[in-house]
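Comments concern the structure below.
The values are calculated or read from the model by the stated rules, or taken from the named source; none is laboratory data. As the structure is a computational prediction, the values presented were derived from the model and not from experiment. All Cβ positions, glycine included, derive from the backbone under ideal geometry; neighbour counts span all protein chains shown.
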Amino acid sequence: MIDKELPDHFRDKAVKRANSLYFDVSTALEVVEYCKAHGLGIAGIDGFVIEPEATVPLMNYMTDWSSFDEEPNWHVYVDKSTSAALAALTLWRQEGVPGEFKVDVVVISETDHIRFLQGRKGRSRPTTD
């Protein structure tokens, strides 16, 4: 996902295809650290092999953090989602990843999270304490 919340220096390190930015694992770790420090959540990370003519999804490198979706406290959501993303990326790096492996880091803002919660449950604004 191309995210307006990320600084240009991350975009410069990415492979850009369609509406997505694909990062190597080291850069993805930096992106997640940036998100954690700037109060941005991670909706998920998905791994792909980037070939000259194709972007091939790797099902063993797809995350599903839907259990965090209902978290009403934004700061807790950011902590949970960035911690999970850092753990997954660190594990993938330790295990070794395929050749032209890149990840799409799906960044979510507090505003987007509020919209999601309101649309899903009709809840009022999540707490930020």
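Of all the residues in the range 3-32, those that are within 11 Å of the chain's Cα centre (by Cα) and either loosely packed, with under 15 Cβ neighbours inside 10 Å or among the acidic types (Asp, Glu) (or both) number 1. Evaluated against (1) in contact with a Gly (Cβ under 6 Å, 6 or more places away or on another chain); (2) buried (at least 17 other Cβ atoms within 10 Å of the Cβ), residue 88 falls short on exactly one condition, (1). For residue 76, state whether it is in a strand (DSSP E or B), of a type in the set (A, V, I, L, M, F, W, C) and either at pLDDT 90 or above or under 19 Å from residue 30 (Cβ atoms) (or both). Against the criterion (in a strand (DSSP E or B), of a type in the set (A, V, I, L, M, F, W, C) and either at pLDDT 90 or above or under 19 Å from residue 30 (Cβ atoms) (or both)), residue 76 does not qualify. Within the range 30-73, the set of residues being within 24 Å of residue 117 (Cβ to Cβ), part of a loop (DSSP other than H, G, I, E, B) and not polar (S, T, N, Q) comprises 38, 39, 40, 64, 65, 69, 70, 71, 72.
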